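Okay, so here's the structure we're looking at.
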Amino acid sequence: MISITSDELREMYLAFFKSKGHAIIPSASLIPENDPTVLFTTAGMHPLVPYLLGAKHPEGKRLADVQKCVRTGDIDETGDASHCTFFEMLGNWSLGDYFKKEAIAFSFEFLTSEKWLGIDKDRLYFTCFAGDEDAPKDTESAGYWKDCGIDDSHIFFLGKRHNWWGPAGITGPCGPDTEMFIDTGKPACGPDCSPACSCGKYLEIWNDVFMQYNKNAEGKFEPLSQKNVDTGMGLDRTVAILQGKSSVYDTDAYEGIIKVISDLSGKTYGEDEETTRAFRIVADHIRCSTFILGDQKGVTPSNVDQGYVLRRLIRRAVRYGLKLGIPELHMQHISKAVVAKYKNAYPELGKNQARILNELNLEEERFQRTLKQGLREFDKLNARLSGKLIDGVSAFHLYDTFGFPIEFTLELAKENGLNVDIPGFEEAFRRHQEISSAGAAQRFKGGLADTSEQTAKLHSATHLLLASLKKVLKAEVEQRGSNITAERLRFDFSFPRKVEKEELEEVERLVNEAIAAGNDIVCEEMSLEEARNAGATGIFESKYGNTVKVYTMGAFSKEICGGPHAQNTAELGHFRIQKEESSSAGVRRIKAVLE
């Protein structure tokens, strides 16, 4: 087994799959395009959903990439040995081309060949789907592992919880997967120890998903006409294994970032458990925040959606930075280390560094004001107390309304000889989460990347909306994100001020004029340079591959896009703007419907 850096693994993975006939596609934006089910791109498959459902990809049927991803569902676990909010996912794809036999052979060769990672096959273990009433036992995948020379004792059959992927929502593509694990050398936890347990003996490093079913609205699993392969290998985790490290934070990916935190704080990473956890939280959250701020979609801290998550990440990093003794307004120095590490792989970080640092400083300043306000509110609360106990509801009010961390409340309470009703705080927090989860469930119930006829029409309407905004506002208006459900579209765009009522009315009129023209919506494939020369709009950066799709709607709109779209503008009906508002600094938001 070789020891390589994170940069080397990224390049090696892509080189391997290029040698197997895969087109190398760039990482998509962290902000999903026209997908209301997720706030961030959480896996490599998100940007490829239309192609997994049968649309033709301009680069062909075999693809490979390194996708930047954000997952914040377990943000409170960040700080242990392996959890990160930002990560890179190495992936290879077959869109109706090869299937289980070839995918498994590719995975085995890359893992074990001396030319590539050179892992001893006797250290590798594999799991396959055990089968149930929905789908049969995946003996086929197990057979292909045996063809590679894997002994029966290294293959385990597990149920849906372990070896089934999807659908991402209620309906959609799904299927069995086969997962690859490495034996860490830790002792077995008992006679039934397997990759299914969490004792730490087996560490997952790769996952091959075989999308061969579609779960319909009745809950039935129907065979897909196009069978796909979707794989994922976490770059940080794999590098940790190859470098013989017990934590992803001990690898070269974090080395420069950790050093800056140490220099700023005067503390040493690893000196004790509490300090180590704080180092990891600051490092991870600033790395993640840097990538979100540096993304081409231009998300900034706010109180809604992606901006809210970003705000929480920055403020949590600041809070743990204060614990370490990092001076105020110094998060930017940690961010510079992130940019220095990743700008070659992700040039947008270098390009947008000034914006990244400015937004970090602004949010840190806001949080410092929040902390001061929280201190004043704590003093008011203390003055009202009739005893020595701060009740849980009041503690949660400080946290929820004023953003005052519970740890700060505990520290101040201790300084003032007070106690805090922690069970009461946790109960109030739990009730708040239940309300938030119910709202999220309602919002995301449609499933991943709904491609119904109505969403296709709304997607086409966003093109007409952007073209109209450019005509009316006569400024550098660029798309900053869109969110489409079957009921409405939401469109974010760069603009420094409120759009006036008369301007909105003119935008609405132009969109409806373009709809009434009844132009066919024509899709053409061309090179990025050809698209630029043809006058197509779009972000001419690395989010696009060598070949792109350009959708033209008469003389009104010509835009680079992945689809899906209506066939003719006349199908869209009547366009009506419901609301125009601020999304974040320098970004406006329009909500609209088709009637």
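The values are calculated or read from the model by the stated rules, or taken from the named source; none is laboratory data. Keep in mind it's a predicted model, so treat the numbers as computed, not measured. Quick reminder, even Gly has a Cβ in these numbers, built from the backbone with ideal geometry, and neighbours come from all protein chains shown. Just the protein is used for accessible areas: all its heavy atoms, side chains included, with ligands, DNA and RNA removed. Shrake-Rupley method; radii C 1.70, N 1.55, O 1.52, S 1.80 Å.
Among the listed residues GLY325, GLY321, identify the single one that is touching a Ser or Thr at 6+ places or on another chain (Cβ under 8 Å), farther than 17 Å from SER584 by Cβ and open to solvent by 30 Å² or more (accessible area, probe 1.4 Å). Being touching a Ser or Thr at 6+ places or on another chain (Cβ under 8 Å), farther than 17 Å from SER584 by Cβ and open to solvent by 30 Å² or more (accessible area, probe 1.4 Å) holds for just one of GLY325, GLY321, which is GLY325.
Among the residues making up segment 155-172, those that are under 22 Å from ALA142 (Cα atoms) and under 28 Å from the mean Cα position of the chain (by Cα) are LEU158, GLY159, LYS160, ARG161, HIS162, ASN163, TRP164, TRP165, GLY166. Do we find a residue being in contact with a Gly (Cβ under 9 Å, 6 or more places away or on another chain) and under 29 Å from ALA23 (Cα atoms) anywhere in segment 560-569? Yes - at least one qualifying residue is present in segment 560-569. Can you pull out every residue in segment 132-164 that is in contact with a helix residue (DSSP H, G or I) (Cβ under 7 Å, 6 or more places away or on another chain) and more than 24 Å from CYS197 (Cβ to Cβ)? Correct list: GLU140, TYR144, CYS148, GLY149. From the list TRP145, TRP164, the lone residue that is closer than 23 Å to ASN214 by Cβ and hydrophobic (A, V, I, L, M, F, W, C) is TRP164. The residues of segment 8-27 that are assigned to a loop (DSSP other than H, G, I, E, B) and out of contact with any Ser or Thr (no Cβ under 6 Å at 6 or more places or on another chain), listed by number, are LYS20, GLY21, HIS22, ILE25, SER27. Each residue in segment 280-310 was checked for being more than 15 Å from ARG355 (Cα to Cα) and open to solvent by 10 Å² or more (accessible area, probe 1.4 Å), and 8 pass. Looking only at residues of segment 149-161 that are open to solvent by less than 50 Å² (accessible area, probe 1.4 Å) and out of contact with any strand residue (DSSP E or B) (no Cβ under 7 Å at 6 or more places or on another chain), we find that the one that is farthest from PHE210 (Cα to Cα) is GLY149.
Might you let me know whether segment 570-581 holds any residue that is open to solvent by 70 Å² or more (accessible area, probe 1.4 Å), free of Cβ contacts under 8 Å to residues at least 40 places away in the same chain and either within 21 Å of GLU59 (Cβ to Cβ) or touching a strand residue (DSSP E or B) at 6+ places or on another chain (Cβ under 7 Å) (or both)? Yes: one or more hits. Consider segment 246-279 and keep the residues that are among the aromatic types (Phe, Trp, Tyr) and open to solvent by less than 20 Å² (accessible area, probe 1.4 Å). The one that is farthest from HIS333 (Cα to Cα) is TYR249.
Just so you know, in segment 224-242 the residues that are polar (S, T, N, Q) and open to solvent by less than 40 Å² (accessible area, probe 1.4 Å) include one that is farthest from the chain's Cα centre (by Cα), and it is ASN228. Of all positions in segment 168-188, none carries a residue that is without any contact (Cβ under 8 Å) to a residue 24 or more places away in the chain, closer than 20 Å to ASP230 by Cα and of a type in the set (D, E, K, R). Of the numbered criteria (1) free of Cβ contacts under 8 Å to residues at least 12 places away in the same chain; (2) open to solvent by less than 60 Å² (accessible area, probe 1.4 Å); (3) part of a loop (DSSP other than H, G, I, E, B), the one GLY143 fails is (3).
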